[in-house]
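Read the structure below first, then the notes.
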Amino acid sequence: MRKILTVLEAYDCGDKNFDIKRYGSGHIHSTYLLDNGAVQYIIQAFNNKVFKYPERISANQDILGKHLGDKKLPFALPLPIKNKSGDFFTVQDHQLYRLFPFIPGITRDAVELPSHAFLAAEAFGIFSGTFLEVPTENLQEPIENFHNLTLRYQQLLDSIQHTALPIDGELRELIEFYRDQTDLLEQYESYQKTLPLRVTHSDTKINNLIFEKKLSEVRALIDLDTIMPGFIFYDFGDLVRTVACTEDESSQKWQGIGVDLEKYKGLLSGFSRPLKPLISGEELKSLPYGGEMMTYIMGLRFLADYLNGNIYYNINYPLQNLHRAKNQYYLLKSLKENRAAIRELMQEVGL
């Protein structure tokens with residue numbers, strides 16, 4: 001804690017007599033709440049083993065901050081506070097730190113109601129619409145090829161060739177399924193030629209929003225480390241994958257895994273509402289593809305990691321990445337089987 005107090009000397013934050021407590025349950029950065037009775041801040045020890053290009057993150061966030069200027073959003077967008085030297089990061093004993101304003105409220109890992117799905121998606125849609133005019137050639141990828149489906153597909157093929165595991169039974173069936181989804185790959189490569197790149201949040205999980213205590217409004221949209229150029233269907237697709245699934249991605253209730261169409265409609269309606277006047281019909285019509293594509297890409301990644309010996313994702317037991325890939329298999333099948341129903345939802349929300 002003494003080290004954190006030393007870091008605070010780099011900032012103009014008034015009385016440094018803070019009470020310091022661990023905050024949140026994040027697995028990447030170490031986060032603390034600072035409270036001196038009059039003001040509260042969040043300070044993070046930044047993990048540059050996961051995010052190897054912190055200078056790219058700073059540059060992207062600086063671009064967003066300058067573009068935002070004095071514009072008012074209906075929720076906070078807490079970018080890091082610059083230190084006395086004008087930098088987002090402060091170095092102390094070879095460790096990077098960042099200071100943020102504290103936004104009170106609650107976070108959720110899942111939502112129960114379609115209305116909450118609407119609120120979440122609307123916030124991310126507002127975020128997308130706010131930064132449509134930012135030239136994406138000025139943005140950098142903090143994680144290179146993060147959502148590059150062509151690359152992720154090739155990584156699966158490579159892992160099949162080099163795995164030490166016997167490929168039979170359930171594993172063979174999963175591999176064949178993921179290898180056969182060439183329609184999604186072809187559509188992705190087509191969109192690469194026709195759709196514009198936009199500013200994407202690239203991690204639109206529900207726990208990257210801070211809600212008012214009764215879940216009646218979004219108070220803040222957080223975790224802006226993965227800002228990068230991408231297609232607008234990335235952000236909608238990750239919402240579908242993580243919010244509109246009947247089970248979380250670690251569930252083994254195989255027959256219960258599928259798409260919740262009521263939540264899907266809430267996401268579709270909320271995300272598109274602020275974007276309808278701003279983007280083309282082709283971009284809006286690509287949104288359902290995003291749900292399938294993001295589910296597929298995560299399945300590819302889980303399965304490749306299992307074949308490679310579980311070297312990327314943290315696991316609690318040896319078969320967990322295989323089970324995660326199987327979970328995404330069931331969700332992707334459900335999304336494809338419900339394409340007609342989803343087209344009807346598109347018409348119902350005016351897309």
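The values are calculated or read from the model by the stated rules, or taken from the named source; none is laboratory data. Just so you know, these numbers come straight off a predicted model, no measurement behind them. Ideal geometry is used to build each Cβ from the backbone, glycine not excepted, and the neighbour counts take in all protein chains shown.
Could you please find all residues in the stretch 60-118 being within 24 Å of residue 271 (Cα to Cα), among the basic types (Lys, Arg) and in contact (Cβ under 8 Å) with a residue 24 or more places away in the chain?
Passing the criteria: 71, 108.
What helices (runs of 4 or more DSSP H) lie completely within the stretch 237-351 and have 1 or more residues being modelled with pLDDT under 95 and farther than 20 Å from residue 154 by Cα?
Filter on the stretch 237-351 gives 281-285.
Residue 172 versus (1) buried (at least 19 other Cβ atoms within 10 Å of the Cβ); (2) among the basic types (Lys, Arg); (3) without any contact (Cβ under 8 Å) to a residue 60 or more places away in the chain: which is the lone unmet condition?
For residue 172, the exception is condition (1).
What do you reckon, is residue 291 closer than 16 Å to residue 118 by Cα, in the same structural domain as residue 233 (by TED's automatic domain parsing), in contact (Cβ under 8 Å) with a residue 40 or more places away in the chain and in contact with a strand residue (DSSP E or B) (Cβ under 9 Å, 6 or more places away or on another chain)?
yes
Quickly run through the stretch 197-215 and pick out the residues that are in contact with a helix residue (DSSP H, G or I) (Cβ under 8 Å, 6 or more places away or on another chain) and more than 25 Å from residue 134 (Cα to Cα).
Result: 211, 215.
If I ask for residues that are under 13 Å from residue 202 (Cβ atoms) and either among the aromatic types (Phe, Trp, Tyr) or more than 21 Å from the chain's Cα centre (by Cα) (or both), which ones from the stretch 128-162 would you list?
Matches in the stretch 128-162: 131, 146.
Between 136, 130, 200, which is surrounded by fewer than 18 Cβ atoms within 10 Å (Cβ to Cβ), in contact with a strand residue (DSSP E or B) (Cβ under 9 Å, 6 or more places away or on another chain) and under 23 Å from residue 56 (Cα atoms)?
Values: 130 fails: surrounded by fewer than 18 Cβ atoms within 10 Å (Cβ to Cβ); 200 fails: surrounded by fewer than 18 Cβ atoms within 10 Å (Cβ to Cβ).
Answer to the selection: 136.
Rundown of residues vs (1) among the polar types (S, T, N, Q); (2) assigned by TED's automatic domain parsing to the domain that holds residue 177; (3) surrounded by 14 or more Cβ atoms within 10 Å (Cβ to Cβ), yes/no style:
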| position | (1), (2), (3) |
| --- | --- |
| 244 | no, yes, yes |
| 273 | no, yes, yes |
| 276 | no, yes, yes |
| 295 | yes, yes, yes |
| 306 | no, yes, yes |
| 313 | no, yes, no |
| 317 | no, yes, no |
